[in-house]
Amino acid sequence: MHELSIASQIWKSVARAAAEHKASRVQAVTLEIGALNLLEEEQLTFWIKMLAEREGSPGLAVKVTLLPGRVRCLDCGRESEASPAAGEVDHFLPLDLRCANCGSANVRPEGGYEIRVVSAEIEPGAQHE
């Protein structure tokens, strides 16, 4: 259930930026999440929305773009996509990443662990003169 702790960190980052811009609330958040993080998108979105509602941003829209994993093969030298196959992920076992070119398991991850807040739409607060 690491989705809750990650959702908490994402929301803290978004809320801090919204406060710096004197927003009255956050309306939408767009995220990029690497597939190799093994995050359940539905759970992550649920927790971000719950945190937002608790802190004065009900109805938050969350858009998640899943970024594929990438590995560099240490045998053939090629870089290829490597994402966990649907239904084959066990959160307690290491991922079985292989080169898409030669099938070797002798690979080095090059991407897919990103967690990035791309944008946040805010509702401006009242202007004080």
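Brief remarks follow.
- The residue that is surrounded by the most Cβ atoms within 10 Å (Cβ to Cβ), among those in region 37-64 that are within 10 Å of the chain's Cα centre (by Cα) and modelled with pLDDT under 95, is LEU39.
- Per-region count, region 10-27, residues in contact with a Leu (Cβ under 8 Å, 6 or more places away or on another chain) and acidic (Asp, Glu): 0
- Only listed residue being in contact with a His (Cβ under 8 Å, 6 or more places away or on another chain) and not acidic (Asp, Glu), chosen from LEU67, LEU31, LEU38, LEU51: LEU38
- Taking each residue of region 117-129 that is on the phi < 0 side of the Ramachandran plot and looking for partners that are modelled with pLDDT of 95 or more and among the acidic types (Asp, Glu) with beta-carbon atoms closer than 6 Å, six or more apart or interchain, yields VAL118/GLU32.
- Residues being part of a helix (DSSP H, G or I), more than 26 Å from ARG70 (Cα to Cα) and not aromatic (Phe, Trp, Tyr) - total across region 1-25: 10
- Residue among SER80, SER104 that alone is surrounded by 12 or more Cβ atoms within 10 Å (Cβ to Cβ), modelled with pLDDT under 95 and in a loop (DSSP other than H, G, I, E, B): SER104
- Hits in region 26-39 - residues which are touching a Ser or Thr at 6+ places or on another chain (Cβ under 8 Å) and either on the phi > 0 side of the Ramachandran plot or not in a strand (DSSP E or B) (or both): ALA35, LEU36
- Contact annotation: residue pairs with Cβ atoms under 9 Å, 6 or more positions apart or on different chains, pairing a residue in region 25-38 that is in contact (Cβ under 8 Å) with a residue 12 or more places away in the chain with a partner that is among the polar types (S, T, N, Q) and in a loop (DSSP other than H, G, I, E, B), are ARG25/SER57; VAL26/SER57; GLN27/SER57; ALA35/SER83; LEU36/SER83.
The values are calculated or read from the model by the stated rules, or taken from the named source; none is laboratory data. Only a predicted model underlies this, so the values are computations on that prediction, with no experimental measurement involved. Methodologically, a virtual Cβ is constructed for each residue, glycine included, from the backbone with ideal geometry; neighbour enumeration extends over all protein chains shown.
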